[in-house]
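S.K.: For reference, the structure I am asking about is given below.
Where a number appears in this text, it was derived from the coordinates with a stated rule and is not lab data. Everything numeric here is computed off the predicted structure, so don't read it as measured data. Ideal geometry is used to build each Cβ from the backbone, glycine not excepted, and the neighbour counts take in all protein chains shown.
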Amino acid sequence: MTDCQRLEHDLEDAAKRGYVLARDKHFIGLTAIAANIPTWNNGQVGCLVVTGHSRDMDADRIATIGEELVRVAKLMPYELGSLRAVAHTLEK
């Protein structure tokens with residue numbers, strides 16, 4: 001993207017939705033939807049991403065997936081203890 005106004009508009013839209021969308025931006029035919037995983041102190045620790053064929057992702061499907069990603073990402077900090085336990089189990 002080379003247009004600063006368009007970039008600002010995309011960032012504002014992403015902030016309102018709670019997820020970012022990249023449709024045919026890096027690879028034609030690929031859509032990526034991502035939501036930040038928050039920390040307890042309002043930081044970000046990573047993100048959850050769903051990718052798929054653009055032909056299968058209409059606006060309604062993108063919105064549904066994006067909204068679900070946001071809900072799941074917000075739950076991730078609550079699962080930290082469980083994730084640590086799984087990681088330690090897998091290391092053995």
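S.K.: Would you order THR64, THR31 from fewest to most other beta-carbon atoms within 10 Å of each residue's own beta-carbon?
M.R.: Fewest to most other Cβ atoms nearby, the residues stand as THR64, THR31.
S.K.: Over the range 4-91, calculate the relative contact order: mean separation of alpha carbon pairs under 8 Å at least 6 apart, over the residue count, as a percent.
M.R.: Details: 101 pairs, mean separation 22.3, N = 88.
Relative contact order of the range 4-91: 25 percent.
S.K.: Per the Cauchy relation, a quarter of the hull surface: what is the mean projected area of the convex hull of the alpha carbons in the range 4-91, in nm²?
M.R.: Values: hull surface 29.9 nm².
In nm², the orientation-averaged hull projection of the range 4-91 is 7.5.
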